[in-house]
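See below for the structure under consideration.
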Amino acid sequence: MSHPPALHRSQRILQAVGRRYPTLWRLVDQMRSDRGKALPAWPEWCFVPLHGIVAIISGGRQLPIDRIHHVGIVGALAAWRPTQGIYRFDPDLYRALIDTPLDRALPVEHFYHLPEWSVYIETPGMTWPSGSAPRPVHGFWTYLDWDIRRPDAPHHELRLVLDTAVTPDQALDPEHGCLSIPMILGNGTLMDALDRMAESAALQTERHGLSPITRPQSFSPLTEQLASMISLMLYLASEQPDFDPQGQRPQIPVPTKTKAGPRWFPPDQPRTWDVGLRIGHALRHAQTHTTSPETDSSLSTRARPRPHIRRAHWHTYRIGPGREAAQLKWLPPIPINLDNLDKLPATIRPVR
């Protein structure tokens with residue numbers, strides 16, 4: 001007797017949130033279809049602004065303080081539901097990315113090129129500080145928000161929702177559920193983005209007459225984990241990420257016309273994208289089959305460096321007349337001397 005495949009955690013969390021708010025997805029679709037019509041326009045890269053999510057889950061009333069943390073989680077799932085892309089990295093590429101330093105200004109312009117409105121990235125082995133013992137981070141959603149409350153100067157926010165729920169049914173639990181982390185984008189480092197959000201949260205708290213938020217003295221204990229997650233996200237937003245199946249890329253769906261208006265119906269199953277299979281395979285092959293330049297003294301010319309991935313890094317370009325001006329840009333991990341990357345077998349055991 002055959003059994004249906006087990007649901008992925010992300011899909012079980014989606015179902016749990018749908019049970020908590022039964023009319024949620026229909027109202028989200030309605031709000032998205034009213035974009036630029038009955039509602040103000042907002043950028044295409046934002047599926048539905050979180051201010052709209054607040055209106056939906058509160059029923060147009062004041063959102064109770066004990067449900068404020070629902071907003072970021074629901075926003076991630078609302079943007080993820082139409083595509084349900086799950087991204088699973090090759091182990092070697094995964095390690096290279098999470099070790100990438102992000103200690104300079106964030107490359108904000110890359111954030112707007114995610115392959116879908118919201119993506120779920122698996123994070124094997126990752127943990128998050130929590131009380132006496134770290135909690136496993138099974139994965140995280142990442143998406144962008146546009147603060148519609150300030151149309152003259154809207155905040156652009158990068159949102160991470162960590163899948164730290166003890167069980168999927170507890171996703172919205174304030175102590176045992178998912179964790180939503182917002183960052184206001186702008187100039188500066190990851191720490192600067194967190195500081196901007198802390199200042200904004202303090203102002204909102206004061207404006208609503210709530211108890212002041214105790215601001216942490218430093219976000220530095222958390223920035224290493226957040227930098228690792230952002231590096232994974234940035235690879236997906238890079239110009240030519242290595243996706244499998246080869247030759248395919250995630251697509252933004254077209255809404256279905258119904259009598260009640262456009263609807264973004266979810267796929268029957270989440271779509272799993274294996275990321276970096278060819279790069280990872282090439283790296284492992286190079287490590288076992290490539291002779292180090294130092295061991296081959298018979299070469300009359302300088303040997304090429306061993307195939308590898310250059311770590312994500314900052315690079316200075318000389319531009320302008322006389323190439324005197326300097327422009328600093330962030331470069332994603334770059335394959336070096338992986339000449340046969342496209343010749344590797346197309347059928348590679350997926351990462352599990």
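Test R95 against the criterion of being in a helix (DSSP H, G or I), within 23 Å of P115 (Cβ to Cβ), of a type outside the set (F, W, Y) and without any contact (Cβ under 8 Å) to a residue 24 or more places away in the chain, and give yes or no. Here the answer is yes, as R95 does meet what is asked.
For segment 167-180, the set of residues classified as of a type in the set (A, V, I, L, M) and out of contact with any Gly (no Cβ under 8 Å at 6 or more places or on another chain) consists of L172, L179, listed by residue number. Number of residues in segment 1-32 that are small (G, A, S), assigned to a helix (DSSP H, G or I) and either under 18 Å from R67 (Cβ atoms) or modelled with pLDDT under 95 (or both): the value is 2.
Say whether the condition of being part of a strand (DSSP E or B), at pLDDT 90 or above and farther than 28 Å from R19 by Cβ is met by at least one residue in segment 80-89. Within segment 80-89 (the criterion being part of a strand (DSSP E or B), at pLDDT 90 or above and farther than 28 Å from R19 by Cβ), the answer is yes, since at least one residue qualifies. Summed over segment 35-79, residues that are without any contact (Cβ under 8 Å) to a residue 24 or more places away in the chain, assigned to a loop (DSSP other than H, G, I, E, B) and among the β-branched types (V, I, T) total 1. Taking the conditions (1) of a type in the set (G, A, S); (2) under 21 Å from V108 (Cα atoms); (3) modelled with pLDDT of 85 or more in turn, A165 satisfies each one other than (2).
Table: residues versus (1) over 25 Å from the mean Cα position of the chain (by Cα); (2) surrounded by 16 or more Cβ atoms within 10 Å (Cβ to Cβ); (3) within 25 Å of T167 (Cα to Cα).
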{"residue": "S10", "(1), (2), (3)": "no, yes, yes"}
{"residue": "L27", "(1), (2), (3)": "no, yes, no"}
{"residue": "P40", "(1), (2), (3)": "yes, no, no"}
{"residue": "F47", "(1), (2), (3)": "no, yes, no"}
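A single member of T223, T205 is under 20 Å from the mean Cα position of the chain (by Cα), closer than 30 Å to D66 by Cα, at pLDDT below 85 and in a helix (DSSP H, G or I), and it is T223. E109 passes every criterion in (1) of a type outside the set (S, T, Y); (2) under 23 Å from C46 (Cβ atoms); (3) crowded, with 16+ Cβ neighbours inside 10 Å apart from (3).
Only one of the numbered conditions (1) farther than 14 Å from P43 by Cβ; (2) touching a residue at least 24 places away in the same chain (Cβ under 8 Å); (3) aliphatic (A, V, I, L, M) is not met by A133, and that is (2).
Which of (1) out of contact with any Asp or Glu (no Cβ under 6 Å at 6 or more places or on another chain); (2) modelled with pLDDT of 85 or more; (3) closer than 26 Å to V119 by Cβ is the odd one out, the single condition P250 does not satisfy? Exception for P250: condition (1). Here is the figure for segment 73-129: residues that are charged (D, E, K, R) and either within 24 Å of D268 (Cβ to Cβ) or touching a Gly at 6+ places or on another chain (Cβ under 8 Å) (or both) total 6. Within segment 112-128, the set of residues being over 13 Å from the mean Cα position of the chain (by Cα) and crowded, with 20+ Cβ neighbours inside 10 Å comprises M126 only.
Every test in (1) surrounded by fewer than 16 Cβ atoms within 10 Å (Cβ to Cβ); (2) farther than 21 Å from L236 by Cα; (3) under 17 Å from the mean Cα position of the chain (by Cα) is passed by G131 save one, and that test is (3).
The values are calculated or read from the model by the stated rules, or taken from the named source; none is laboratory data. Keep in mind it's a predicted model, so treat the numbers as computed, not measured. Backbone-built Cβ (ideal geometry, glycine too); neighbour counts: all protein chains shown.
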